[in-house]
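Heads up, the thing below is written out as structure tokens.
The values are calculated or read from the model by the stated rules, or taken from the named source; none is laboratory data. As the structure is a prediction and not an experimental result, all values here were calculated from the model. Positions of Cβ are backbone-derived with ideal geometry, glycine not excepted, and every protein chain shown enters the neighbour counts.
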Amino acid sequence: MANQSGGVYGLTILSPIKDDPNSEVSPNLALRIYLAKLPRHRNSPFAKVSSTHFARLVVMDDVVYVGMPACEEHLQSKYLVFESNFDGDLDTYLERMAAEIPETVDAVWKHCVGFPGVADVAAFKAYMKKCQIETTFFFADVNDKTVQQTLRALQTQSAVTAFIVKHQGASPSELQAAFAHFMEKLNKAPLPAPAATLGKEFVDELA
Amino acid sequence: MSKLDPTDIQGFVLRGYTFPVARYLLLQIVPAGGREFIGKLIDQITTGERWDQGKPRTTVNVAFTFRGLKKLDLPEPSLQSFPCEFVQGMKARGAILCDTGLNSPDHWEPVWRDESVDAWLGVYAESLPELDRQCADLEKLMAGTNGAVVIGSQDAGVLVIEGKITTKEHFGFTDGFGNPDYVGVVRDTQPGQGKLMSNGSWAPLATGELMLGYADEAGELPVAPIPHLLANNSTFMVYRKMHQNVATFRKYLNEKGKLYSGGKEKLASKFIGRFRDGTPIEVSPDKCDPAVVANKQLNVNFKYGSDLDGVRCPIGAHVRRTNPRDAFGFDGKLVNRRRITRRGLPYGPHTPEDQPVSDADEHGLIFMVMNASIFRQFEFVQQQWIEYGNDARQGNDKDMLMGNHGGVGKFMIQGTADPANPPFVCGGLQNFVELRGGDYFWVPSITALRMIADNSVDPR
């Protein structure tokens, strides 16, 4: 089914960017400048919308003409492309964007035609749905697990690997005791934050 | 089909010479006499002609860095048409290659760190006296023309173990299997070389995967300098001096070998995908089999399609990472544009397993690669398959022996419930191999050398 892969929703938004010949900096360039400075990884605004698996904001300039025998075509305007793969339904996700990263949403979409602002959540949702197109391809790692399940699985995988390295060759009784202790620690370990790096220090402590 | 002219192609491009000793002279070109030197050198260059009249006593080949070509005064439009990665040189590509930390230029030999090498002369010989004689002749030629000076010299040679010439490297593995076949390159081909066809047979790769001027696997001509005559029959060479920490390797293998219930030698075979005697574990997973090693119908003739779980050959084993054959599906088509031809040779004397050894000892491998596109072939293999594991679904895991691990690497050995073939995790990986320098070179044809010597390169 389009837009849905198990519990994961694929959202694609195409928002036409304003065309203002009188502006000092054209809206599409102003948007590029803003996007280029957005923090990434764990400081990304989308890390705050914690159901997000993957999000990308891209300025689509035009169709590139590559020469004969292609025919020359152009888009009607430049577009902001927003791709997001997230857990749950669309309404909840848009409401979370409005609640958790309203400044980012306004700063990005203010360059787009017809954007009503995020303060009026109903109008914002209606606008985004109007710009939505069907999604049929998902980010490669989407496997019907939530972000939190995925983080827990990565944490478990890294910690178990470190445990094995540390205890390979131990006697069965030593191994059993160490494993019971390890499982206790692992079960109590806090869930890693979105975009966390599960580095050596992190897993060694558990193992 | 491409018809090759072996008299115009440097022999080193078409074949490994299997001589016992070699010396790589690292040159600085002197612009005043550079072209005269090249002109007089041409007669000494070993071409790809067959040695039906008997093997020569020595061979000589030449290659240039971008700096060298500038000093030889190639026309600016020709210089500017070389591929970007060659123009930049290997040091500038460090971030892509993961040449960081212990592999960074801080740890390179000064001649490489300072990017002062203009040209490489590869001299191979049947004996050390012949090697010395040939190198002395070449130095005389340089002095006589005032065209170049030797600023570095690297000896290399096959490891002699218990009086016998071997094809082993310092960790004890038998090396040098499985260079690809190319259309038009005449040699004794073996099934398992070249590319996999949909019907399961093997065929030579397109000539353009090895040399400029010919169609590659995409049916395109590789990116090449202008004019065509300058580029035709040439290739690009990667030179990397790789120091081997033999003490660290032996200690690691001994320690983990005690924990691995399949035994030490089987564990070693899992690192590479071959037992140390060369037996491919995809063919013979449980024991060394000299009959398989000697059998040219078998020793590179295997696939991974029936071993997708890696219980015979681990998914992250060196030979499987760097030549995944059919492991990624699509009849192996995903690997045909990522193949490289290797011309490696060890340096430093062999230290027997029962003798004390230190990481500081002179042990290593001069790793040389021939490919039509350093960017598409060598750099891809190095970045994606050596220093990263995602294509093989091994996450961030790097190549066990070659990886720049920095003490935190791991390597997964897939296994079964059989105690002789258990699953095992190799953790705490150190850098078993460290980079000591190198650069990117262009290996011109005989025609191109003549054009450079005569200053007749005409890009118009």
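When segment B:310-332 is limited to residues that are in contact (Cβ under 8 Å) with a residue 60 or more places away in the chain and part of a helix (DSSP H, G or I), the one that is nearest to B:Thr207 (Cα to Cα) turns out to be B:Gly332. Taken as a whole, the condition of being within 14 Å of another protein chain (Cβ to nearest Cβ) and modelled with pLDDT of 90 or more does not apply to A:Ala122. In summary, strands (runs of 3 or more DSSP E) completely within segment A:1-101 and bearing 1 or more residues that are touching a Gly at 6+ places or on another chain (Cβ under 8 Å) occur at A:8-16, A:79-87. All told, B:Lys251 falls short of being surrounded by fewer than 21 Cβ atoms within 10 Å (Cβ to Cβ) and within 14 Å of chain A (Cβ to nearest Cβ). Of the residues that make up segment B:170-177, is at least one in contact with a Pro (Cβ under 7 Å, 6 or more places away or on another chain), within 30 Å of B:Gly208 (Cβ to Cβ) and surrounded by 15 or more Cβ atoms within 10 Å (Cβ to Cβ)? No - not one qualifying residue is present in segment B:170-177. Name the single residue, out of those in segment B:153-179 being in contact with a strand residue (DSSP E or B) (Cβ under 9 Å, 6 or more places away or on another chain) and among the acidic types (Asp, Glu), that is farthest from B:Val117 (Cα to Cα). Step by step, filter segment B:153-179, then rank; the result is B:Asp175. Residues of segment B:17-42 that are outside any loop (DSSP other than H, G, I, E, B) and aliphatic (A, V, I, L, M): B:Val21, B:Ala22, B:Leu25, B:Leu26, B:Leu27, B:Ile29, B:Ala32, B:Ile38, B:Leu41, B:Ile42.
Matching residues to (1) within 30 Å of A:Glu100 (Cβ to Cβ); (2) modelled with pLDDT under 95; (3) out of contact with any strand residue (DSSP E or B) (no Cβ under 6 Å at 6 or more places or on another chain):
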| position | (1), (2), (3) |
| --- | --- |
| A:Asp19 | no, yes, yes |
| A:Glu24 | no, yes, yes |
| A:Ile33 | yes, no, yes |
| A:Lys37 | yes, no, yes |
| A:His41 | yes, yes, yes |
| A:Ser50 | yes, yes, yes |
| A:Val58 | yes, no, no |
| A:Val64 | no, yes, yes |
| A:Gly67 | no, yes, yes |
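When the residues of segment B:394-422 are filtered to those that are within 11 Å of chain A (Cβ to nearest Cβ) and charged (D, E, K, R), the one that is nearest to the chain's Cα centre (by Cα) is B:Asp397. Among the candidates B:Val425, B:Val433, B:Val443, the residue that is farther than 26 Å from B:Ala32 by Cα, crowded, with 20+ Cβ neighbours inside 10 Å and either more than 14 Å from chain A (Cβ to nearest Cβ) or over 21 Å from the mean Cα position of the chain (by Cα) (or both) is uniquely B:Val433. Within segment A:128-155, the set of residues being within 23 Å of B:Val425 (Cβ to Cβ) and either free of Cβ contacts under 8 Å to residues at least 24 places away in the same chain or more than 14 Å from chain B (Cβ to nearest Cβ) (or both) comprises A:Leu151, A:Arg152, A:Ala153. Restricting attention to segment B:57-79, the residues that are buried (at least 17 other Cβ atoms within 10 Å of the Cβ) and closer than 17 Å to B:Tyr124 by Cβ add up to 6.
Against the conditions (1) aromatic (Phe, Trp, Tyr); (2) in a helix (DSSP H, G or I); (3) within 14 Å of another protein chain (Cβ to nearest Cβ), B:Trp385 satisfies every one except (3).
Being within 15 Å of B:Gly94 (Cα to Cα) and touching a strand residue (DSSP E or B) at 6+ places or on another chain (Cβ under 8 Å) is the filter here; which residues of segment B:369-403 pass it? Answer for segment B:369-403, where residues must be within 15 Å of B:Gly94 (Cα to Cα) and touching a strand residue (DSSP E or B) at 6+ places or on another chain (Cβ under 8 Å): B:Ile374, B:Phe378, B:Gly403. Applying the criterion of being more than 14 Å from chain B (Cβ to nearest Cβ) and among the small types (Gly, Ala, Ser) to the residues of segment A:156-195, the residue that is nearest to the chain's Cα centre (by Cα) is A:Ala195.
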